[in-house]
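Structure first, commentary second.
No lab work stands behind these numbers, since they all come straight from the coordinates. Since the model is a prediction, treat every value here as computed from it, not as a measurement. A quick note on method: Cβ atoms are made from the backbone with ideal geometry, for glycine too, and the neighbour counts reach across all protein chains shown.
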Amino acid sequence: MGELHVRGHADAWLQPGRAVMDVHVTASDPRSQQAAVDNLAELCAVVDEVVDERRDGPRALIRRVVVSSVTTTEDVEYGPGGQRHRTGFSATRTSVLDCRADADGLTGLVAALARDGVQVRGPSWHVDDDDPAWVGVRTAAVTDARRRAEAYAMAVDGHVGAVRSIAEPGLRGSDPDAVARPHAAAVRVASAGGHEAGEARAVRIAVEPVQVTVAVEVAFDLGP
């Protein structure tokens, strides 16, 4: 009778293996741009020391560090009449930390980085590409494709034959479906009672599952 083309889907919640955090370091100075850069370098040295301590060893928390941008800007304010007045200069460095999904390690990292001029965003959770759990999700997507094909074949009094091709969406053209959805989670504050005035509260990070979606396009023979 011909061919039958279907798309199978499968959703799952998987445990992440990676956590990505953005670290923004900002310093300013009223004198000059170079003075702001010098202040930034001093603050970055402190941040880099914290990061380097967590990059050593086979079970290092931080796998990779990428400095994505360094920017310098003028700080300005405007008077009542709209006059522009320069108040100084600022310099910012943005880094991306690729870390293991280790709740205790990430909690300690955030605590060590906490200081004026340092802003931490994240983590966003990601499932490793080589995680064995992907096999089950991909298998489920193919199973769903076959169920769909059998339903369509039944509607035309046909039957599903041999598989002609299997392809992930996008290999034959553009496709809007995402294979995985990185999940961004805010840092959660554990607010237990009984804190004394001035006592630091624990800021905990919890590893959260990531929802993933797998889609697959399958072509079957359609027999009578």
- Message: Through the Karplus equation 6.51 cos²θ - 1.76 cosθ + 1.60, θ set to phi - 60°, convert the phi angles of the range 79-90 into ³J(HN,Hα) values in whole Hz; use x for Gly and Pro.
- Response: x, x, x, x, 5, 8, 10, 7, 9, x, 9, 10
- Positive dipole terminus of the range 1-102, leading residue within ALA35, VAL65, ALA12 (C-beta point charges): ALA12
- the range 18-126: radius of gyration and largest Cα-Cα distance (Dmax), Å: 16.6, 60
- Task: Read phi for every residue in the range 3-10 and hand back ³J(HN,Hα) as whole Hz from Karplus 6.51 cos²θ - 1.76 cosθ + 1.60, θ = phi - 60°, with x for Gly and Pro.
- Result: 10, 10, 10, 9, 10, x, 10, 8
- Message: Ranking request for peptides 105-116, 11-22: highest mean number of other beta-carbon atoms within 10 Å first, then the rest in descending order.
- Response: 11-22, 105-116
